[in-house]
Amino acid sequence: MDIIMPQLGETVLEGLVTVWYKNPGDVVVADESLFEVETDKVTTAIPSPVAGVLREILIEAGVAVKVGTRLAVIDSSSEAASAAPSLPPTGPAPATESTAALSDSDPARPLGRSAQSKLSPVVRRLLGQAGIRADQVRGSGRDGRITREDAIAYVTHAPAATPSPARPASGSAAIAAQRSSSASRDSAANSTAASDEWVAPLNKIRRATAAHMLRSVATSPHTLQAVEVDFRNIEHARASKGSDWKAQQGFTLTYLPFLCAATCEAIREYPLINASFSNDTLLVHRRIHLGIAVDLAFEGLLVPIVRDANQRDVRGLALEMHSLVSRARANTLVPDDLNGGTYTISNSGSFGTLITAPIINQPQVAILSLDGVHKKPVVIEGPEGDCIAVRPIGVIAQSFDHRAFDGAYSAAFLRRLKQALETRNWLAELS
């Protein structure tokens, strides 16, 4: 059976084969990971569609090919398939007296021949540049495979090599060494020891993000506007329903789904916010596909898409966003999860930030940031006069492309968004 490069998304035309998990002659189990494909945003392990024996690999690791290209051949005849066992149950194998489970404190796990042959081009480059052998690194991937993260961690924390002791100089060599010693001491102050700095290689996501953000800043005239929002009603809903929600759903109900719901409400009145540029034409989108920026443990940023967000209530938005965030951090998103966004929301609030000026996610024309919500004394206007009360106050900031609309339009949108956040009956929506 021919194994071909799969279609990983509607807009994906090619992929990079980064690693083969099997070698020619190996037995393959149906649904077992066979090879890995990398696109510009995600890396996906591709399972074998059949059981059998891998007869031939036509495209080696490190080669980018178009969708539909023949990659390998599997002999799926009855004789070959009978040699393939069923997949074992998922989950860790129990430790025995002779095979103890590895922990973080265990010494480096030696790599077998098959595991060493499965190094991706990125890992090979990282280890090669640092002069490190593969068998020095403990692999945390499948079958002990060394991942990019393993390589970076080892290169970063590996002890500096101890120089070999020099042979004693004699004759003219000794005289030359004495004459150069003073010059060496003078230049030593201008040199930096290897231990004073370390290399932080840019991973695939970081490189793509850097290129995308640089292009965005060069393309769009960014303008920032921000408003303060009283999150009292939202906080009341979270306090009333939060415990039951977490018990039922298994995760915390954050501010983000409320913000997304209010954003969709405000976009209905200010549709130019939900637009993108195509050359010199502004395309206004009828459907609202919200991109949610997800931090990957400081290793990069992905923006999965909540499609037709305006057709979901707070509950539906919370569930969908939790699913997307979980899959993003588990590296199980597919390319279609990241394409087609019409407006993006960035949330740095969990870190307690005051205000963020986010960079527009091209070709969109605006992006919203939610920062930390803190208790503050505020002036409350009432029929009997003003008073001071303590309220949970947060800042929402929007960067927008000044080519698409002016500051007055953006400000009106933010005012409408603020009104929705402060006055909507959120408690009733969660009941």
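Every read-out reported here was derived from the displayed coordinates using simple, explicitly stated rules and does not represent laboratory data. Quick caveat, the model's predicted, so the values are computed rather than measured. Neighbour counts are summed over all protein chains in view; Cβ atoms, including those assigned to glycine, are modelled from backbone coordinates with ideal geometry.
Structure notes:
- Close amide H partners of Ile46, meaning residues 5 or more places away or on another chain with modelled amide H under 5 Å apart, are Leu34, Phe35, Glu36, Val37.
- Residues Tyr270, Tyr255, sorted so that the one with the fewest Cβ neighbours within 10 Å comes first: Tyr270, Tyr255
- Label-to-label distance for Asn23 and Asn203 is 2.8 nm, based on points extended 7 Å past Cα in the beta-carbon direction.
- For the range 2-82, the relative contact order comes to 37 percent (Cα pairs under 8 Å, sequence separation of at least 6).
- Distance (nanometres) between label positions extended 7 Å along Cα→Cβ at Val390 and Gln249: 2.8
- Of all aspartates and glutamates in the structure, those lying under 18 Å Cα to Cα from Lys375, and not within fewer than 8 positions of it along the same chain, are Glu228, Asp230, Glu235, Glu422.
- Links that overshoot a 31 Å alpha carbon limit, given the list Lys204/Lys418; Lys241/Lys418; Lys246/Lys376: Lys204/Lys418
- Extension reserve of the Glu56-His212 stretch, reckoned as 0.36 nm per residue once the Cα distance is removed: 52.4 nm
- Calculated FRET efficiency, Gln225 to Phe351, Cβ-Cβ distance, R0 = 25 Å: about 0.70 to the nearest 0.05.
- Efficiency of FRET between Lys375 and Ser278 - r from beta-carbon atoms, R0 45 angstrom, step 0.05: 0.50
- Efficiency of FRET from Cβ geometry, Gln419 and Arg70, R₀ 56 Å, rounded to 0.05: 0.45
- Modelled label positions at Met1 and Asp308, each set 7 Å beyond Cα in the direction of Cβ, lie 3.3 nm from each other.
- Taking amide H positions as modeled 1.01 Å from N, with prolines and chain starts lacking one, the residues under 5 Å from Val28 and 5 or more places away or on another chain are Gly52, Val53, Leu54.
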